[in-house]
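Notes follow the structure.
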Number of protein chains: 2
Amino acid sequence: MKKYKRNQRIGALMKIFAEKPNYIFSYNYFSEVFNAAKSTISEDVAIVKELVNELDYGRIETISGASGGAVFIPVMGIEEKTDILSELCMLFSQKNRILPGGFIYMTDLFNNPNIVTNIAKIIASEFSNIKIDYIITVETKGIPVAVMSGQKLNVPVAVIRRNNKVTEGATVSINYVSGSSNNIQTMSLSRRSLKENSRVLIVDDFMKGGGTCKGMADMMREFNAEVVGTAVVIETKEPEKKLVDNYLSLLVLNKINEKEGLIEIVPNYKLLK
Amino acid sequence: MKKYKRNQRIGALMKIFAEKPNYIFSYNYFSEVFNAAKSTISEDVAIVKELVNELDYGRIETISGASGGAVFIPVMGIEEKTDILSELCMLFSQKNRILPGGFIYMTDLFNNPNIVTNIAKIIASEFSNIKIDYIITVETKGIPVAVMSGQKLNVPVAVIRRNNKVTEGATVSINYVSGSSNNIQTMSLSRRSLKENSRVLIVDDFMKGGGTCKGMADMMREFNAEVVGTAVVIETKEPEKKLVDNYLSLLVLNKINEKEGLIEIVPNYKLLK
């Protein structure tokens, strides 16, 4: 069996951690992969721990004992967060995004893996200290952000559908009032999609009145789930009072001037404190 | 400014490459991040190149010259592919997944970031030698696989909608015949979502008759786009003749026995040659 140099093991360890953050890898696993003694692995992990710390990537936590292991918890520094939020503001406020009726075309951004990854990294960083069992979202535009956040936090995702689908099995459906349009809408979630008594993080792309997020929270009650957080990519400044409390937005849409083609979007400054 | 040890730079380089595969990083970028001379970076990259090779992670390609850089192209070995496909077969064929009418509940798997990441790694590996500008999918269940594949291949994703949405701007709509149900359905794609003359990879979760993938291919003609590949996670064995040719499936659903609760799913053995 191959033996690897320390350099190589450090690189490989960092790759393994980076590809599966918030996942506990056992020393036994690393031992097998690298064909090396656990004491060697333990030294390697100590080096990786220091490098993660020095480069401001978050932290490595180690679990000691016979079934010991290590987990990489990415936490983003203010500098990187500022860079990402500034870039997002720039992208979302591009002049040509205004659609008739004062809507903003954002679909390309919410489907762009690089942009979605940056958004998910911030969400995962902000919720890295909270125990979460599932991320919940509602189709369609929020799905990429929800799944990428789930990847970063190492939790499964449940997607609420607008309609009842035969491939979902038994579902729970609720009606809710869309905060912005005052329309009554329906959402359905498969009974199988989450276990009872779960702790869930609600993720969505856009919040105006907060009706959709409130609908998701109401749905969670039907599953005896506890909503431990709500994250949206963009909230509108108006109405200031939303139908949900305690949510985190990354960006705030201050105003749209359809005539002049101006969109004013700023970072949520709470994130930069 | 901080200086880093070689060990640390190797680890950090591998993290950067792993988080953004198929993306060309310039030596200038690394030089700034690590506060090190380009000659040093070049030596570091050579070490990373060897480790990627030795550990069967794919390959690092370097671009020489003043604006030189390096890119990590993950390519999966047979062993890892076999492991992933076996695990997928096991998961998708769990007995309790059978729904009334002979449908299979798969939603939890298609929304599980770890499973979706494994699927996307195989898709990205198989299409790593083809120039792709966009990944195309149709809502809803295929979106996570499409976005994660886009992340691995470093290409944007366009999601075709079942209905026309006001937030999509001007759209192109087509009607298509669903291969399995023989129903006529509609799909719409925003005009802004892809540039003319693009090379696209179609990605979807499930293929029976192939009508949906054919619909997507037809839609691509309206955008003067060239379909350079089609990837689906699961295809059914019957009908053997699909409405599209030249597609790649990861898994083949041989049969469902609703009465006995048996699902027979096997890997697509072409992937393991």
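The values are calculated or read from the model by the stated rules, or taken from the named source; none is laboratory data. Quantities reported herein were computed from a predicted structural model and do not represent experimental measurements. So basically every Cβ, Gly included, is an ideal-geometry build from the backbone, and we count neighbours across all protein chains shown. The protein model used for the area step is the full one, side chains on, heavy atoms only, and it has no ligands, DNA or RNA in it. Shrake-Rupley method; radii C 1.70, N 1.55, O 1.52, S 1.80 Å.
Spread over its residues, the convex hull of the C-alpha atoms of chain B is 157 Å³ per residue. Here the Kirkwood formula puts the hydrodynamic radius of the protein assembly as shown at 24.5 Å, using every distinct Cα pair.
For segment B:78-150, applying the loop criterion from DSSP together with a ceiling of 13 other beta carbons within 10 Å to the trypsin sites (Lys or Arg not before Pro) yields B:LYS131. Relative intensity of segment B:16-59 on a log10 scale, I(q)/I(0) at q = 0.19, 0.28 Å⁻¹, equals -0.61, -1.09, per a Debye sum over C-alpha point scatterers of equal strength in the absence of solvent. Protein heavy-atom accessible surface, 1.4 Å probe, per residue over segment B:96-218: 34 Å².
Dividing the summed helix terms, -39500 (n - 2.57) for each DSSP H run of n ≥ 4, by the number of residues in chain B produces a 222 nm estimate of -11000 deg cm²/dmol to the nearest 500. Between copies, the label points of A:GLY77, set 7 Å from Cα on the Cα→Cβ line, lie 3.5 nm apart, reported in increasing order to one decimal in nanometres.
When segment B:78-272 is described by a simple charge dipole with +1 on each Lys and Arg Cβ and -1 on each Asp and Glu Cβ, the residue from B:THR167, B:GLY209, B:ILE136 located farthest towards its positive end is B:THR167. Straight-line cross-link reach from B:LYS208 at under 18 Å between alpha-carbon atoms covers these aspartates and glutamates, not counting any fewer than eight positions away in the same chain: A:GLU168, B:GLU139, B:ASP218, B:GLU235, B:GLU238, B:GLU240, B:ASP245, B:GLU258, B:GLU264. Across the identical copies, the label point of A:MET1 (7 Å from Cα in the Cβ direction) is separated from its matches by 4.2 nm, in order from shortest. Charges were assigned to the Cβ only: +1 to each Lys and Arg, -1 to each Asp and Glu. The resulting dipole of segment A:78-272 about its Cα centre is roughly 400 debye.
Using the alpha carbons alone, the radius of gyration of segment B:129-273 stands to its Kirkwood radius in an Rg to Rh ratio of 0.98. Note on A:ARG6: accessible area is roughly 70 Å² with a 1.4 Å probe, heavy atoms of protein only.
Take A:ILE130, push a point 7 Å out from Cα through the beta-carbon direction, and compare it with the same point in every other copy: 4.1 nm, smallest first.
Among the listed pairs B:LYS131/B:LYS270; A:LYS20/B:LYS242; B:LYS15/B:LYS141; A:LYS15/A:LYS95; B:LYS214/B:LYS255; B:LYS141/B:LYS165, those whose Cα-Cα separation exceeds 27 Å are A:LYS20/B:LYS242; B:LYS15/B:LYS141; A:LYS15/A:LYS95.
Highest GNM mean-square fluctuation among A:GLY150, A:GLY229, A:GLY169, for chain A modelled with Cα contacts below 10 Å: A:GLY169. Using a probe of 1.4 Å, the accessible surface attributed to A:VAL155 totals some 10 Å² when neighbouring protein chains are kept in position.
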